[in-house]
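A short write-up of the structure that comes next.
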Amino acid sequence: MKQFDYFNEIENAVTVCDTEGVIVYMNLASQKMLSKYSDESLVGKSLYDCHNPHSNEIIKRLITNKESNTYYTIKHEVKKLIHQMPWFNNGQIAGLIEISIIIPENIQTLQRT
């Protein structure tokens, strides 16, 4: 089967780091979102250089405890839902995946039964 980058052209930022916080994958939206830190790709660089000390402690805790974290944030009047989750390789923690989703102003809430 041909290798295909399923996330590269989606509008949501997808960033993946290893257990040391080194970025191993960024889709185009993630590269655009994090371009303020470097004109070059941040793959191979430390994720910790893009976050404040408090956020870095959360990232380390999530990796250590194999936890997920979900929250939303408002920055420059843009609401985003952030979901961080561990990823595994052969049953061993391999790092974190972060997906950043822009929340539209007119988002629907559906109650399903």
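Residues in segment 73-86 that are within 13 Å of the chain's Cα centre (by Cα) and surrounded by fewer than 16 Cβ atoms within 10 Å (Cβ to Cβ): Leu81, Ile82, His83, Met85. Return yes or no: is Gly91 touching a Cys at 6+ places or on another chain (Cβ under 7 Å) and not basic (Lys, Arg)? When the stated conditions are applied, Gly91 does not pass them. Among the criteria (1) exposed (fewer than 10 other Cβ atoms within 10 Å of the Cβ); (2) modelled with pLDDT under 90; (3) not aromatic (Phe, Trp, Tyr), the one Cys50 does not fulfil is (1). Is at least one residue of segment 30-46 under 14 Å from Ile82 (Cβ atoms), surrounded by 13 or more Cβ atoms within 10 Å (Cβ to Cβ), at pLDDT 90 or above and in contact with a Gly (Cβ under 8 Å, 6 or more places away or on another chain)? Scanning segment 30-46, I find no residue that is under 14 Å from Ile82 (Cβ atoms), surrounded by 13 or more Cβ atoms within 10 Å (Cβ to Cβ), at pLDDT 90 or above and in contact with a Gly (Cβ under 8 Å, 6 or more places away or on another chain), so the answer is no. The residues of segment 72-113 that are of a type outside the set (Lys, Arg), within 21 Å of Phe7 (Cβ to Cβ) and free of Cβ contacts under 8 Å to residues at least 24 places away in the same chain, listed by number, are Thr73, Leu81, Ile82, His83, Met85, Phe88, Asn89, Pro104.
The values are calculated or read from the model by the stated rules, or taken from the named source; none is laboratory data. Keep in mind the model is a prediction, meaning the values are calculated, not measured. Positions of Cβ are generated from backbone atoms using ideal geometry, with glycine treated the same way; all protein chains shown enter the neighbour counts.
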